[in-house]
1. Out of (1) touching a helix residue (DSSP H, G or I) at 6+ places or on another chain (Cβ under 9 Å); (2) surrounded by 10 or more Cβ atoms within 10 Å (Cβ to Cβ); (3) not in a loop (DSSP other than H, G, I, E, B), the odd one out for residue 28 is which?
2. Any chance you could count how many residues in segment 1-21 are surrounded by fewer than 12 Cβ atoms within 10 Å (Cβ to Cβ) and either outside any helix (DSSP H, G or I) or touching a residue at least 12 places away in the same chain (Cβ under 8 Å) (or both)?
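Throughout, read-outs are computed from the coordinates displayed, never taken from laboratory work. Bear in mind the structure is a predicted one, so any value in this text is a computation, not a measurement. Note that we place each Cβ from the backbone using ideal geometry, even for glycine, and neighbour counts take in every protein chain shown.
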């Protein structure tokens, strides 16, 4: 996998976690104004997750990444 793709995926994952943490913060405060911020944070998280999924699918389709199964360890006889 190209390094730039790895960096983009890691940044997207970090942004998703930050958005989820922001939503948790606004959920715990519980005011009316925080309710709108909670919805916005969760919307951003969903959008980032869908964009990351699309990026991974495009990278797979373009041949930049290849799926693989679980490779069992070699058996010693």
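1. The single condition residue 28 does not satisfy is (2).
2. Of the residues in segment 1-21, 2 are surrounded by fewer than 12 Cβ atoms within 10 Å (Cβ to Cβ) and either outside any helix (DSSP H, G or I) or touching a residue at least 12 places away in the same chain (Cβ under 8 Å) (or both).
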